[in-house]
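Have a look at the structure below, then the notes.
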Amino acid sequence: MKTSWRFPATKLLLITAVSLFLTGCFGILTPSLKIRIEPDPIKFQFGDEKQDVTLKFTTAGLGSLTVDEAKLELQDPDSKVVWATSVPIEQSSVIVPGITIAEAVTIDLPAELTYLDEQLYNAELKGKTYTLIITITGSMDPIVSEAKVNFE
């Protein structure tokens with residue numbers, strides 16, 4: 001009687017795959033969120049103090065996820081932080097993959113970047129591109145999303 005070497009190897013591979021699946025070692029199974037900022041780029045002109053944007057959160061993986069806070073930073077073209085804030089969220093949820101939730105928010109231009117004089121605005125901001133960075137922290141690795149902020 002011949003024994004097949006394939007059966008034990010296949011069985012071992014299957015047991016390993018199931019074990020990894022159940023422990024969440026496959027990246028696609030770990031619960032997480034993806035964030036997309038729309039529009040990208042966000043555009044400001046002289047006199048604009050705020051812009052409406054949409055944050056689209058898309059779930060991925062399976063399991064429970066806790067979100068502690070959202071950190072927002074605005075960096076100038078030299079990557080220097082000109083404005084930063086954090087927003088506590090403190091929410092937990094069971095994650096099912098593929099669900100997208102859109103959240104409309106208003107981005108207020110920081111006081112440091114508002115100019116009463118158009119000539120000063122043109123000299124300081126017009127034609128420059130800043131970067132808005134949103135970082136979500138919690139029970140998962142930090143989730144980071146960026147959008148350009150153009151001053152026209």
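The values are calculated or read from the model by the stated rules, or taken from the named source; none is laboratory data. Quick caveat, the model's predicted, so the values are computed rather than measured. Every residue, glycine among them, receives a Cβ derived from its backbone with ideal geometry; neighbour counts consider all protein chains shown.
Sort through 48, 52, 40 and tell me the only one that's within 24 Å of residue 141 (Cβ to Cβ), among the acidic types (Asp, Glu) and at pLDDT 60 or above.
Details: 48 fails: within 24 Å of residue 141 (Cβ to Cβ); 52 fails: within 24 Å of residue 141 (Cβ to Cβ).
Testing whether each residue is within 24 Å of residue 141 (Cβ to Cβ), among the acidic types (Asp, Glu) and at pLDDT 60 or above leaves just 40.
Could you tell me whether residue 92 is small (Gly, Ala, Ser) and farther than 16 Å from residue 38 by Cβ?
Working: small (Gly, Ala, Ser): yes; farther than 16 Å from residue 38 by Cβ: yes.
Yes, satisfied.
Testing residue 125 on (1) surrounded by 14 or more Cβ atoms within 10 Å (Cβ to Cβ); (2) closer than 14 Å to residue 35 by Cα; (3) among the hydrophobic types (A, V, I, L, M, F, W, C), one condition comes back false. Which one is that?
Exception for residue 125: condition (2).
Taking residue 105 and the conditions (1) under 20 Å from residue 35 (Cβ atoms); (2) surrounded by 12 or more Cβ atoms within 10 Å (Cβ to Cβ); (3) modelled with pLDDT of 90 or more, which numbered condition does it fall short on, given that it satisfies the others?
(3) is the only condition that residue 105 fails.
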